[in-house]
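Nothing in this text is a laboratory measurement; each read-out follows from the coordinates by a stated rule. Please read these numbers as outputs of a predicted model, since none were measured by experiment. Positions of Cβ are backbone-derived with ideal geometry, glycine not excepted, and every protein chain shown enters the neighbour counts.
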Amino acid sequence: MTAKWKEVSSYTGEEIEEDAPTNNAGSGAVSMPPDAMMKKKKKSLLDARTKTYKQHQAKLETARQKRLESKKSKFIEKVKESINDFEREIYLEENNMNVLKNIVLKKQAKPVKFSDGKMLVDMQTASVITQVYNKVNIDNQKKLEKMVNGTKGQFGAMASKVMKMVNK
């Protein structure tokens with residue numbers, strides 16, 4: 001005679017009814033019914049020499065181009081064009097001597113605009129030029145202003161001469 005066992009709850013003492021069969025959930029391959037097995041996927045390495053990879057690369061390139069095209073907004077392009085048309089810097093005449101005085105006042109190097117570009121002027125150079133500017137007569141002040149507001153080459157030559165005069 002075979003014995004039949006009943007599963008009983010240790011808390012209540014009543015028989016436990018199980019709805020579904022249990023399986024090994026700890027393995028990560030949970031499946032119903034308990035005897036079913038999961039198929040392992042083949043690991044395929046991408047090889048850049050294959051035809052499939054070249055097709056995949058072409059798809060990626062087209063997707064990248066579409067993303068770039070969608071990012072280019074017509075509104076942004078119009079704004080860029082209008083900004084380029086709105087150049088008013090030629091109407092703003094800035095005296096570089098005021099910029100040099102501001103550099104000395106704030107004790108900080110700043111870019112100075114010239115007719116042929118910009119140049120970063122340090123505090124020491126600006127200080128020496130403003131000191132000499134304040135000590136010379138009006139005619140020489142006008143000449144210094146003309147050199148300071150001229151080109152980068154004129155400014156560099158004037159700055160080197162002023163530094164030599166101060167160092168003597």
How much FRET efficiency would the formula 1/(1 + (r/R0)^6) give for Lys41 and Ile16, where r is the Cβ-Cβ distance and R0 is 30 Å, rounded to 0.05? 0.20
Two-site label geometry, Lys71 and Ser9: point separation in nm, points 7 Å out along Cα→Cβ: 6.0 nm
Among the listed pairs Lys135/Lys168; Lys42/Lys66; Lys118/Lys143; Lys71/Lys110; Lys40/Lys66; Lys101/Lys161, which are separated by more than 24 Å between their Cα atoms? Lys42/Lys66; Lys71/Lys110; Lys40/Lys66
At a 10 Å Cβ-Cβ cut-off, how would you order Met97, Met163, fewest neighbours first? Met163, Met97
4 °C / 1.567 mPa s Stokes-Einstein diffusion coefficient of the range 96-167, Kirkwood radius on C-alpha pairs, µm²/s: 108 µm²/s
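I need the calculated FRET efficiency for the pair Gln108 and Gln131, taking r as the beta carbon distance and R₀ as 22 Å, to the nearest 0.05.
0.80
Based on the Cβ-Cβ distance of Thr52 and Lys80, what FRET efficiency does E = 1/(1 + (r/R0)^6) give at R0 = 41 Å, to the nearest 0.05?
Efficiency, rounded to the nearest 0.05: 0.50.
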